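Here's the structure we're looking at; comments come further down.
The values are calculated or read from the model by the stated rules, or taken from the named source; none is laboratory data. Everything numeric in this text was worked out from a predicted model, so none of it was measured. Reconstructed Cβ throughout: ideal geometry from the backbone, glycine too, with neighbour counts over all protein chains shown. Protein only, heavy atoms only, side chains kept; ligands, DNA and RNA dropped before computing areas. Shrake-Rupley method; radii C 1.70, N 1.55, O 1.52, S 1.80 Å.
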Amino acid sequence: MSLIAGSYERFIWGFKLKPLKQSSDGKTLTLTPLFSYPSHVSSITTVAAAGPAAASGGSDDTIHLYDFAAASSLGSLNDHTATITSLSFFTPPSISFPRNLISAASDGTVCIYDADPFVLLKTVKVHKKGINDLSVHPSGRLALTVGRDECLGMLNLLRGRRSFFCRMGREASMVGFDSTGDKFFMVMDDKISIHETEDARIVSELENQKRVLCAASGESGLLFTGGEDRSIVAWDTNSGKVAYNIEDAHSSRVKGIVVLTRNAGAVADDDPYLIASASSDGVIRVWDVRMAVNEKPNPLAEANTNSRITCLAGSSLKSTKRLRLGSSVPGGENDGVATEDMT
């Protein structure tokens, strides 16, 4: 299992989660550093990971790529002309290597990349204002976006064009599919709405105590959220109630949550109950969520980056495939780059 975190100070942090043989503080895992350096020229705003691949986007309008297996940088993608606000890999269920990278920016555009090698396939204008978040459906056929124009957009990834767009009347900061793709959630300040993917019908509405800053779907309809209340809340999206809560999981607001489960692609011998969280004071912690049902758990592993963490991503997938960085396809949307065989 690997984790990647971005910081306001331009630093990228890569970690490998490994078993710990001996510990005086009860920790059973350790976060071993893989790399740490100022990869961007300004603050890092978003990160993504899948298999051996990781990516970061920043307010310098660039995407940087990394290889977990080699603990090295692959280079950068420079096709956006605005701050990168969201990154998402698409990995087919039958393989352990990402097929595509999808990126969104603050000018309302989405870029679709082939991941073998990393080349630009299409640029699509989705929102009139900046995109806050993007999520790819587990099938790889479509993606949802939410923007500062208070709208929800749907992107057809097979054809590389916007297929649906509607005004919500309120700005959403996050959007995400559950592990099955049958439902999706949207976050608006301290409220989370759960929707059916087929018709966007609201299934349930959740209300947190304070503003939600990060969220990640887990198994069996669970949704994990973190934010200004410094806690990690596990919601049962079927009943609309709190399943359990790790109160004061961090001493500062929680900026990132990663669910490391078999459904997320972990191999059979990985622990399916691990989640990782990161706070704005630079601390990353790994938890066993089974312990939170009856009592407040102690973290299984912890690392302090001594930086202001802005985002966190992780991967349970193992792959020996070598990553490659290619040349972008010239043109983009104006040249009508075909994407029918992209996914």
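Data for the structure
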| quantity | calculated |
| --- | --- |
| Cα-centred dipole magnitude for the chain, charges only on beta-carbon of K, R (+1) and D, E (-1), debye, nearest 20 | 400 debye |
| Separation between Cα centres of the range 219-243 and the range 119-190, rounded to whole Å | 21 Å |
| Sequence of V259, V254, V242 from largest to smallest accessible area, 1.4 Å probe | V242, V259, V254 |
| Highest to lowest packing among 209-218, 192-201, scored as the average C-beta count within 10 Å | 209-218, 192-201 |
| Residue of D178, D229, D288 that the Gaussian network model of the chain assigns the largest fluctuation, springs spanning Cα pairs under 10 Å | D288 |
| Heavy atoms of Y8: accessible area, 1.4 Å probe, square angstrom to 10 | 120 Å² |
| The chain - percent of accessible surface contributed by carbon and sulfur, probe 1.4 Å | 45 percent |
| Cβ crowding within 10 Å averaged over residues, with 278-285, 165-172, 74-81, 122-129 ranked highest first | 278-285, 122-129, 74-81, 165-172 |
| GNM top mover of T46, T32, T225 - the chain, alpha-carbon springs below 10 Å | T32 |
| Members of K16/K255; K16/K129; K21/K241 lying beyond 29 Å, as alpha-carbon distances in this model show | K16/K129; K21/K241 |
| Solvent-accessible heavy-atom area per residue, rounded to whole Å², over the chain at 1.4 Å | 43 Å² |
| Relative contact order (%) - criterion: Cα under 8 Å, at least six apart; region: the chain | 16 percent |
| Relative packing of peptides 62-69, 291-298 - highest average C-beta neighbours within 10 Å first | 62-69, 291-298 |
| Dipole moment magnitude, nearest 20 debye, the range 52-187 about Cα centre, only Lys, Arg, Asp, Glu C-beta charged | 580 debye |
| Proximal lysines relative to K125, as straight alpha-carbon distance under 27 Å, when same-chain residues fewer than 8 apart are discounted | K183 |
| The chain: most fluctuating residue of G58, G181, G226 per GNM, C-alpha cutoff 10 Å | G181 |
| The range 18-112 - charge dipole about Cα centre, Lys and Arg +1 at Cβ, Asp and Glu -1, debye rounded to 20 | 500 debye |
